[in-house]
1. GNM, the chain, Cα, under 10 Å: largest mean-square fluctuation among 177, 94, 103?
2. Distance between Cα centroids, segment 59-123 to segment 156-229: provide it in whole Å.
3. In segment 1-22, whose amide N lies under 13 Å from the spot 7 Å out along Cα-to-Cβ of residue 52? List them in ranges.
4. Choose one answer from 12, 183, 46: the residue with the largest mean-square fluctuation in a GNM of the chain with alpha-carbon springs under 10 Å.
5. Which whole-number percentage describes the relative contact order of segment 1-78, with Cα contacts under 8 Å and a sequence gap of 6 or more?
6. Return the calculated 222 nm mean residue ellipticity for the chain, to the nearest 500 deg cm²/dmol, obtained by summing -39500 (n - 2.57) across DSSP H runs with n ≥ 4 and dividing by the residue count.
7. Binning at 10 angstrom from zero up to the longest distance, how are the C-alpha pair distances of segment 2-87 distributed in percent?
8. Kindly work out what percent of the DSSP beta bridges joining two residues of the chain are antiparallel, to the nearest 5.
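Any read-out appearing in this document is the output of simple, stated calculations on the displayed coordinates, not a laboratory observation. Computed from a predicted model, the values in this text were never measured in an experiment. Note: ideal-geometry Cβ built from the backbone for every residue, glycine included; neighbour counts use all protein chains shown.
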């Protein structure tokens with residue numbers, strides 16, 4: 001059985017992507033939670049020691065399949081798509097598939113303004129913080145504008161309910177963005193809010209959110225706006 005190493009569900013946006021992808025599409029896997037701590041980035045931390053045993057880069061997520069370790073979310077998604085072709089994780093149309101890969105790669109490499117100013121925190125409700133970030137951070141406004149434009153175009157072209165019609169890697173990839181927009185109450189049009197609600201209602205996403213809400217960890221480096229939970 002596949003084994004997926006992840007970090008805290010409340011905080012780890014990178015871990016959320018492959019977990020939701022596998023869960024939503026019914027691919028069986030064993031979850032291995034390696035929790036963050038205040039010393040996570042230290043070379044000798046328990047987190048680093050546990051992850052470096054399977055990934056020399058020392059980061060989550062990591063997918064292990066019969067001794068083969070695959071890390072990086074895009075690599076994991078591509079491996080799952082090849083390993084389970086019957087699940088049709090990418091769109092079947094060649095042009096749509098190319099576009100889906102493009103938007104996932106754009107997410108993978110970009111949107112640093114949103115990611116840095118609004119770290120994923122599913123349990124928190126931070127509309128006041130979001131209002132200040134929106135006022136003071138032009139990079140966040142630019143990132144959200146691009147996301148709204150991208151999602152609007154895809155939803156119109158493929159007629160929903162997901163970005164490419166049916167659920168795909170792209171929806172799993174942008175699920176953490178939905179969490180950020182929701183937690184910080186960043187202003188988006190109604191049809192984008194509707195898409196966010198549809199993503200949150202997916203069984204795989206609901207399961208992740210429920211687990212995130214049940215966590216009781218408080219990690220300082222992932223909580224720039226609060227001193228306690």
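1. With Cα springs under 10 Å in the chain, the top fluctuation among 177, 94, 103 is at 94.
2. 15 Å
3. Label zone hits: none.
4. 46
5. Result for segment 1-78 is 36 percent.
6. That comes out to -16500 deg cm²/dmol.
7. Here the calculated profile for segment 2-87 is 18, 54, 24, 5, 0.
8. 65 percent
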